[in-house]
Every structure is written in C-alpha cells, then in structure tokens.
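Enquirer: Before I ask anything, let me first share the structure, which is written out below as structure tokens.
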Amino acid sequence: MSATKDDLLWMYAAMVKARYYEDTMATVYMEGKKPKFDIGAGLVPGEMHLAAGQEPCAAGVCVHLRNDDTVTAPHRPHHVAIAKGVDLNRMTAEIFGRVDGLGGGRGGHMHLFDPAVNFVCSGIIAEGAPPAVGAALGARMNGRDAIAVSYVGEGAPNQGGFHEALNLAGVWQLPVVFIIEDNSWGISVPKSKSTAVADNAIRAPGYAMPGVRIENNDVLTLYDAAADAVARARAGQGPTLIEVETYRYYGHFQGDPEIYRPKDEVKGLKAKDPIDRLYHYLMDNQITDSSDLEAIAQRCREEVDAAYAFARKSPEPAPEAALEHVFV
Amino acid sequence: MPSSRKLTVSRAMSEAIAQEMRADPQTFVMGEDVGAFEGVFDSTLGLLEEFGEERVRDTPISETGFIGAGVGAAMSGMRPIVELMFVDFIGVCMNAVYNLAAKNTYFSAGNCKVPMVLMTGTGGGYNDAAQHSQALHATFAHLPGLKVVAPSNAYDAKGLLTTAIRDDNPVVYMFHKGLQGLVWMASPAGAATEVPEESYTIPFGEARTVRSGRDVTIVAISMTVHGALAAAEELATEGIEAEVIDLRTLVPLDRDTVIESVKRTGHLVVADEDYRSYGLTSEVITSVVEAHPDYLKGPPQRVAMPDIPVPYSRPMEDAMLPNAERIASAARHTTGRG
C-alpha cells in the first residue's frame, strides 16, 4: 500500500502544524518565567511536555481515523490532538487555563477532552490503554465499526495496566490499535536501562496480536502499518501493537536541564528530521511542488497563530467556577 | 396491585440490574466471576442466563484493565456495571477509579460523562483478615467526583442500585458481604426485606430514619444499621429512646436529617465499620458541630473499627468490629447514663 497524494499532504500539514504549535508553545511558555524559571509563573503555568520530533506518530496513524474513532493520549498529547482534529482554539485556551478552554481551565495540557472527535487524555502513564479497550468494547457492543487507538510512550509497556489492556483486547479480539511512541527516554532513564527487550513489538504475540516496529521515525512506513492495523480493527480482526522509533527534541518537560543525555543527540536527530524528509519525498517524487508545500505550511501557521491569539484573548475563569462540574 | 416478596440483598441487586438491562441495551455487567458463577457474592444471579456472555462479561483478573475499560466504555455511551470483587482489591486499580472515573467529568467541564457503577463487596465479621474485610467507605467518599452508596437492606439495595445505574456520574456501590443473604455466610434478620417486583429508585442523599427516639441520635450505614437497631432495643429497656438514622449514601451525605434529629435529641453516636480516624464518623459529627455548636448536650461518640488492620482471629475481630454492645455503650456515655 502506498499513500495517496491527499493523504501525504494531509500528513505533511498535520506534522507542520504540530511542529509549529510546539515550537510556538516553547516560546510562549517562557513568557513570565524569565529571568528566574518558576514552573507556576507566567502566561502558561504548570508542567509542559512538548512533542516536537514525534509528529509522525500522530500523523501516520490519525490519517486513517474518523471522528467517531476514539483516541486516548498520554501526558505529551498536543501532536496527537492536532492530528485527531481537536478544536485548536479551545485546546490552546485550555492550556492557557482560560474560560474558553475545552474544560474551562480545569484540566490543562495533560487533560484535554474533546468529545466531538472522541479525544481523551490522561497524565498517568499507560492509563489511557484500558479506556481505549473500553471504547472499542462499547463500539462493538453497539454494532458500530468505530475503533480505538491508545497512545503511550515507551515507558508505558513497563506498567501493569498496559499489559492488562493488551490482554483484554487480545482475549476479546477488540478493535484497538496500540501505539508506542518510543522516544528512547523515560524522563532521564534510557529504554535500554528500563526495558528488558529492545523492541516492544515482540511482546505482541504474547497477547495474540500482530506487533510491528517502525524504525527511524518514518511516517511512510508507519502509514502503511497503521493502515493495516486500522483496517484489521475495523473489520473485526482484532488489535495490533505498533512501536514507533521517534525523536524527542525538547526535554521531558520545559525546564528539564537534560543533564542525562548527550549534548549532540538532538542535533543528530534534527539532521534526519521527519518533516524535512517528508518534504523531500514529496519533492523528489514530484508529488507536489515547493509553492504548494509552502502554502500548506502557511495555512498551518496561520491556524496555530489564530489559536494562540484566541487563547490570549480568552478571559481567565472566575475562581468560584472551580466548584462546578464535579458531577454532571 | 403491585406485588412484593421478601428478597435477600443479593436477589434485590440482581433484580435491579436485570430490570435496567432489559430497559437499556447500553447497560452491561463485567467483572470477575459475574457470569456462570453469578458473582462471588451473588450480585449477578440469573443474569448470564437471561442476557448472555456479551452483556454479562467475565473478565480476567485484571482490575486495572477492566475498570479502566469500564471508564472508556462509559465515556463512549455505554452504562457499564463493573464489579470489584472485594473492595480491598482497590489497591491494584485505584488509578482507574480516582484519576479517571472521578476526574474526567471535571477535566472536561461536564462535556464528557462517566455513567459507570463500580459495585464492590465490603466488610468483615467472618474472619477473612485484613485483605478481605475492610469497609473503606471513606476512602472513596473522600475523593471528589464519586458518588458512594452503601445499603443496609434489600429494599434500599434495589432502589439505590437502580438509581446508581441511571446516574450519569460514576457511582461506587458498596454492598456488605454479610448483608447479602449468602447461604454460606450469616446475615442479620433485617437485611432481607419485602421488595416490590416493579422497578423503583431511591434518591441519593436521603437518609432514612429507621427508628424514632427522643434521647439520642444513632447514625449508621450498611451493617452498622443493624447493630444500631439492636442497640436501640437494648437501650429502650433502660429508658433511653434512640433515634436510628440509616444514611444510605455517603456521597451525597444527608446532613440535614442528622442535624434535625440531633436538634431534638441533643446527643449523637455515629457507627461505621470503616476505620475510626479521618472517616465517616468524624465527618458526620463535624457536620453537626460546625453548623450548630450548641445542639449537643453531651460529647459525640464514634463507634468504628479502631485504627488497626482488621484482625483475623474470631475473638479479636469480634471485639474490634462495631456492634450493638459498643453502640449502646456509646449512647449511654454520651447521654450521661453510662
């Protein structure tokens, strides 16, 4: 299988938009945090986990999804949310803690919920996997062909909940695609020191499902693997596990001193940047031209800029609004 | 003429689930041994036979997985009833309950809802030791975003479970194993009651005054309601008329009924099988004292499990559990007739 021009350009746009979103956030996040960094100060308070470099994981999978498919994302969710079509204005307002946010400022950047596109988040490692199984179960019990995709990082396969979810999906043959974004680092601990196997995809046969490892952060091979996985799930043929080798350009969180990783690692990763590679693929194969790609990028930047402007203008919530929405 | 018959708590629970499953195809049950076994504590009697394996779903021993799946199913439009066999097992799966089920509504400003019932067996009194005997009421009631229910009898068990299933919020339904009417475990005479055949609901947050009295208010829940009633009978022979209030739900908590009673009696005893410190007993007393520091004419009393793991051996456990004797003693003390 190879991607259509429409899908290729869709993925390019999703990746460019996510990259620009995260790079913008890296700057915006520092407003009010200089000269002395205080995590609770500034325009955007709290922890901030950015996904620049990991865009293929989002675009290469979500290109195959529909609005009624559920995605559960972990603590580093922006690129996936963007690819799933989460309302960018309200997502950004939520990250700013503003009244127009998806949760009116009650959740913040690790807890983004957009039921219009069935996107949910959890800041607890691996804990999006069981709810994805439940969403898939619900779809099947209702006779719908919607599927669920669970995103986790490569640290999550060392959590019990991850394995319980895979076993449930396997024993019940549910339409779930499990995506592991392997950026090599669980905060400061390298995968080689935390995980007994180099390739988490080899765990899949233990749960009666196919396992695929995508090397080198390659959106095109991921596109093909995810197409198969989504098609299998939608056809009632059960779950799939896909681990994607990906890159984390920023620290685990903004403000991370990154004393644990080699100083030139990110430089080396950026030399094989996945967006650059897709750009050259599109050009070299004469799928489109540079002016078209620049027009796409420009539209993405404008959309992101508008979202940040929307968030800046949105009022702060009334303090007493904190008491609302504990229950429906 | 609507008919009723005497049912055990477990029969009443099973009937509530069956009626809701008939009425709403989105409703289903999952948990360990809820199918052919019909629930280790008989909470799913007859359900597999009527509804089949798809909707009465035995799970692997994976509480983190299947309770988390319950959250995901609830958020996708289903109404799962998920059983955690013993409440003590919450230690392996609390995240799904308090970080997902309890918070997703809030995170989403009510745009997402989690209409899930987590039903779970509580309580001791049959020498099962500290990993299978806890009440843990306050553990759940303490966490914002969960409604918490603990019935004391079959009538309430059915009505409260029906309300729980129809609620759009996560509800922790805590049934005491010793009230179920199991053939292999003793239960107090008052647990099995007349239960209407037709479906009905009991609103959350409405305590029931089980016995009226002018001298002391005894607030109880779940198993301690039966101890409180037995204590009241004993106290009556001594000329102390106790009012017994069954809270029925911890969240929401019917403070008004308690306060109104204490205004008349001037004395308060709170009995709960959960641990003594930081628990329901303190919450109820504080609710009264905070609002009306002048109502109490004697020191309020807590009758609860001491702050120890539930002991195994019969004489030790019997001495530690709240019972009629300890409740009566507390009532005598607070009324100055001890």
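Enquirer: What is the range B:26-106's relative contact order, in percent, from Cα pairs under 8 angstrom and six or more apart in sequence?
Expert: Over the range B:26-106, the number comes to 36 percent.
Enquirer: For chain B, I need the span (max minus min coordinate) of the C-alpha atoms along each principal axis, in Å, sorted largest to smallest.
Expert: 59, 48, 44 Å, listed from the longest principal axis down.
Enquirer: Hey, quick one: spin label on residue A:322, modelled 7 Å out along Cα-Cβ, who in the range B:144-185 has an amide N within reach, i.e. under 20 Å?
Expert: Under 20 Å, as judged by backbone N against the label point of residue A:322, lie B:144-146 of the range B:144-185.
Enquirer: Measure of size requested: the Rg and Dmax of the protein assembly as shown, with Cα atoms as the atom set and Å as the unit; please supply both.
Expert: 27.9, 98
Enquirer: Dipole of the range B:208-334, Cα-centred, from +1 at each Lys and Arg C-beta and -1 at each Asp and Glu C-beta, to the nearest 20 debye? Could the numbers behind the result be given before it?
Expert: Values: 13 positive and 20 negative charges, 31 e Å.
Dipole about the Cα centre, nearest 20: 140 debye.
Enquirer: Per DSSP H run of n ≥ 4, the term is -39500 (n - 2.57); total these for chain A, divide by its residue number, and report the mean residue ellipticity at 222 nm rounded to 500 deg cm²/dmol.
Expert: -12500 deg cm²/dmol
Enquirer: Report, to two decimal places, the Cα Rg of the range B:205-296 normalised by 2.2 N^0.38 Å (N = number of residues).
Expert: 0.98
Enquirer: Between residue A:194 and residue B:294, what is the label-point separation in nm under the 7 Å Cα-to-beta-carbon projection?
Expert: 6.1
Enquirer: Taking only the alpha-carbon positions of the range B:7-196 and ignoring solvent, what does the Debye formula give for the base-10 log of I(q)/I(0) at q = 0.12 Å⁻¹?
Expert: For the range B:7-196 at q = 0.12 Å⁻¹, log10 I(q)/I(0) is -0.51.
Enquirer: Quick check on the exposure proxy: order A:137, A:174 from fewest to most C-beta atoms within 10 angstrom.
Expert: A:174, A:137
Enquirer: Enter the per residue convex hull volume of the range A:18-162, computed from alpha-carbon coordinates, in Å³ rounded to the nearest integer. Before the final figure, lay out the partial values.
Expert: Values: hull volume 16.1 nm³, N = 145.
Roughly 111 Å³ of hull volume per residue.
Enquirer: Okay, moving on. Counting residues in the range B:179-338 as N, plug N into 2.2 N^0.38 Å and put the Cα Rg over that result.
Expert: 1.03
Enquirer: For peptide A:319-325, what's the mean number of Cβ atoms from other chains within 10 Å of each residue's Cβ?
Expert: Whole-number average of other-chain Cβ neighbours for A:319-325 is 2.
Enquirer: Percent antiparallel among DSSP beta bridges with both residues in the protein assembly as shown, to the nearest 5? Before the final figure, lay out the partial values.
Expert: Working: 12 of 69 bridges.
Around 15 percent antiparallel, to the nearest 5.
Enquirer: Regarding chain A, what's the average projected area of the Cα-atom convex hull, expressed in nm²?
Expert: The orientation-averaged projected area of the Cα hull of chain A comes to 17.1 nm².
Enquirer: A further question on this structure: Compute and list, largest first, the equivalent-ellipsoid semi-axes of the range A:1-50 from the alpha carbon gyration tensor, each √(5λ) rounded to a whole angstrom.
Expert: Semi-axis lengths for the range A:1-50 are 35, 9, 6 Å.
Enquirer: Quick one: length gained pulling residue A:116 to residue A:309 fully straight, 0.36 nm per residue minus the C-alpha distance?
Expert: Values: separation 193, 0.36 × 193 = 69.48 nm, distance 2.24 nm.
So the extension gain works out to 67.2 nm.
Enquirer: Still on this structure, I have one more. P(r) for the range B:15-110: what percent of alpha-carbon pairs falls in each 10 Å bin, starting at zero?
Expert: Percent of Cα pairs in each bin: 17, 47, 31, 6.
Bear in mind these aren't lab numbers, they're just calculated from the coordinates by the rules spelled out. Remember, it's a predicted structure, so these values are computed and weren't measured experimentally. Note: ideal-geometry Cβ built from the backbone for every residue, glycine included; neighbour counts use all protein chains shown.
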